[in-house]
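The values are calculated or read from the model by the stated rules, or taken from the named source; none is laboratory data. All values reported here derive from a predicted model rather than from experimental measurement. Cβ sites come from the backbone with ideal geometry, for glycine too, and all protein chains shown count toward neighbours.
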Amino acid sequence: MEAVEESRNNRPNIEWFRKGKFGMFIHFGLYSILAGKWKGKECRGIAEWIQNSLDIPLSEYKKLQDEFNPQHLDARYICQLAKDAGMKYLCLTAKHHDGFALWDSKVSKYNSMNSLCKRDIVKEFSEACKDFGLVYCLYYSQAQDWEDPNGYIAYKDENEKKNFRFYLEHKCKPQIEELLRNYGPIGMIWFDTPMQMTYEEALDLKKTVKSIQADCLISGRIGFGLGDYRTTGDNMLPNIASDKLWELPATMNTTWGYKESDNNWRTSKEILEELLFTVSLGGNYLLNIGPDGSGKVPLESVKILRDIGSFLCRNGDSIYATEIQDRYPYYQDKFIVTGKKKCLYLSLFNRLEYKSLEVFNLKNKVKLVKILQSGKKLEFYDGFDLEGHHYLSIDLDRVDVDYPLVIEVEHDGDRAEFEEF
Ligand code: JFZ
């Protein structure tokens with residue numbers, strides 16, 4: 001199998017991804033109008049799959065194009081939300097599995113310029129991301145296309161009859177070229193569900209991307225290990241750390257596309273803890289919003305984003321540009337460990353029972369301990385327990401602390417190291 005050898009001089013610029021840690025995913029399209037329901041019937045599961053899950057006839061689904069008019073969709077407002085939340089990049093579903101393009105595509109008429117709104121939504125977000133300093137990324141479903149006769153359709157038994165190579169050459173690659181030539185620097189193409197694509201087809205697609213924008217990263221879901229980084233399964237949090245690039249795509253409730261009945265909202269605390277835990281394992285966190293058919297962002301999502309932004313504006317050092325640290329040798333649920341050179345961050349989300357925090361088996365020499373957001377120094381004891389294990393005891397007795405709380409431990413090493421138990 002031919003490897004895609006990338007010489008040192010054309011390795012993509014990964015620094016924005018490695019340091020940025022936190023991005024916004026936006027699932028928006030014709031499915032947003034249906035909001036999980038069609039002719040009184042509710043789809044099971046994720047709402048952007050409604051055409052497939054409810055077997056909506058294509059002729060029926062395509063009528064949504066004549067209704068598509070998200071008058072409340074405001075790219076600048078959404079970019080401001082992302083910026084205030086501490087997000088560094090934004091990934092918009094340019095074309096999801098339904099095949100509908102959110103830009104002025106000359107390749108296929110099935111796009112937002114030919115809809116009621118006559119808007120190039122990809123362009124609107126390109127300009128807004130530039131103004132707000134967000135890295136602009138695009139989701140593109142490269143194999144599934146429920147409108148094109150040669151696009152794959154998951155869970156249907158018609159795929160063997162498809163001429164996928166024709167689809168790849170006449171829709172997929174030409175549309176990728178449109179996106180990479182006409183909308184400025186694209187930080188990443190978020191490919192998804194390669195289906196029955198062959199290695200050669202995926203490699204061909206990768207070369208197409210790199211031939212136009214060499215620095216554009218490719219997500220792991222191009223398949224065959226050809227991605228510039230790995231993508232976990234949806235909402236699937238690993239339990240091992242990795243210093244390779246990887247990303248966790250996460251929802252705030254249980255759907256990507258807007259679903260009116262889905263009120264399974266996670267709390268801001270749960271999502272913030274998951275963000276910190278993902279970063280502690282070396283990953284990026286791509287958190288989704290699903291605007292409704294009018295383009296409004298659900299208020300529950302806005303609140304979560306504002307809560308996260310309130311934490312990160314004062315504690316961002318605990319995630320940005322951090323690198324994985326030695327694995328903490330004991331199971332505990334008091335704090336999450338992140339860190340960078342000479343700095344260990346301990347993020348606490350639950351009030352401590354006692355007025356001190358013990359960190360065991362830390363090998364590094366501690367120089368200073370403080371509350372990250374206020375800079376207030378904390379007293380600490382750096383000693384040994386009865387078994388001779390080195391431990392650090394941080395005195396929280398004389399300070400009023402709010403939770404979540406991040407404690408910064410300055411030490412002498414390039415990374416925190418812990419003795420095994
Ligand atoms: C895919 C899409 O089907 C879904 O609609 C959404 O866009 C999500 C972000 O990505 O869903 C997947 C794809 C792959 C896995 C899980 C869900 N996976 O590999 O575990």
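Can you tell me which residue in the stretch 323-358 is farthest from the chain's Cα centre (by Cα), limited to those that are farther than 20 Å from residue 419 by Cβ and among the basic types (Lys, Arg)? Restricting to residues being farther than 20 Å from residue 419 by Cβ and among the basic types (Lys, Arg), the top hit is 355.
One line per residue, one yes/no per condition, for (1) more than 13 Å from the ligand (Cβ to nearest atom); (2) closer than 15 Å to residue 139 by Cα; (3) modelled with pLDDT under 95:
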residue	(1), (2), (3)
203	yes, no, no
212	yes, no, no
219	no, yes, no
225	yes, no, no
229	yes, yes, no
248	no, yes, no
256	no, yes, no
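Can we say residue 318 is within 19 Å of residue 281 (Cβ to Cβ) and in contact with a Leu (Cβ under 8 Å, 6 or more places away or on another chain)? In short, yes. For the stretch 100-107, the criterion of being of a type in the set (Lys, Arg), more than 19 Å from residue 294 (Cα to Cα) and out of contact with any Pro (no Cβ under 7 Å at 6 or more places or on another chain) is satisfied by at least one residue. If residue 378 satisfies all but one of (1) within 20 Å of residue 324 (Cα to Cα); (2) modelled with pLDDT of 95 or more, what's the number of the condition it fails? Among (1) within 20 Å of residue 324 (Cα to Cα); (2) modelled with pLDDT of 95 or more, residue 378 violates only (1). Scan the stretch 326-333 and tell me whether some residue there is at negative phi, in contact with a helix residue (DSSP H, G or I) (Cβ under 8 Å, 6 or more places away or on another chain) and either outside any helix (DSSP H, G or I) or surrounded by 16 or more Cβ atoms within 10 Å (Cβ to Cβ) (or both). No, every residue in the stretch 326-333 fails to be at negative phi, in contact with a helix residue (DSSP H, G or I) (Cβ under 8 Å, 6 or more places away or on another chain) and either outside any helix (DSSP H, G or I) or surrounded by 16 or more Cβ atoms within 10 Å (Cβ to Cβ) (or both).
Filter the stretch 278-307 for residues that are within 16 Å of the ligand (Cβ to nearest atom) and assigned to a loop (DSSP other than H, G, I, E, B); which is surrounded by the fewest Cβ atoms within 10 Å (Cβ to Cβ)?
Ranking the candidates gives 291 first.
Could you say which residue among 86, 29 is touching a strand residue (DSSP E or B) at 6+ places or on another chain (Cβ under 8 Å), crowded, with 23+ Cβ neighbours inside 10 Å and either closer than 23 Å to residue 299 by Cα or of a type in the set (Lys, Arg) (or both)? Spell out how you get there, then give the answer.
Working: 86 fails: crowded, with 23+ Cβ neighbours inside 10 Å.
Unique residue meeting the criteria: 29.
Conditions (1) assigned to a helix (DSSP H, G or I); (2) within 13 Å of the ligand (Cβ to nearest atom), marked per residue:
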site: 237; (1), (2): no, yes
site: 241; (1), (2): no, no
site: 273; (1), (2): yes, no
site: 323; (1), (2): no, no
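Restricting the stretch 64-101 to residues that are aromatic (Phe, Trp, Tyr) and within 16 Å of the ligand (Cβ to nearest atom) leaves a set whose member that is nearest to residue 53 (Cα to Cα) is 100. Across the stretch 376-404, the qualifying residues are those that are of a type in the set (Asp, Glu) and loosely packed, with under 12 Cβ neighbours inside 10 Å, and the one among them that is nearest to residue 347 (Cα to Cα) is 402. I need the full set of residues from the stretch 131-183 which are away from the ligand (no atom under 16 Å from the Cβ), surrounded by 15 or more Cβ atoms within 10 Å (Cβ to Cβ), of a type outside the set (Phe, Trp, Tyr) and within 21 Å of the chain's Cα centre (by Cα), in order please. Scanning the stretch 131-183 gives 134, 135, 176, 179, 180. Within the stretch 334-372, being buried (at least 19 other Cβ atoms within 10 Å of the Cβ) and polar (S, T, N, Q) holds for 338, 347, 364.
Tell me yes or no: at least one residue of the stretch 188-198 is touching a residue at least 60 places away in the same chain (Cβ under 8 Å) and assigned to a helix (DSSP H, G or I). No, because not a single residue in the stretch 188-198 is touching a residue at least 60 places away in the same chain (Cβ under 8 Å) and assigned to a helix (DSSP H, G or I).
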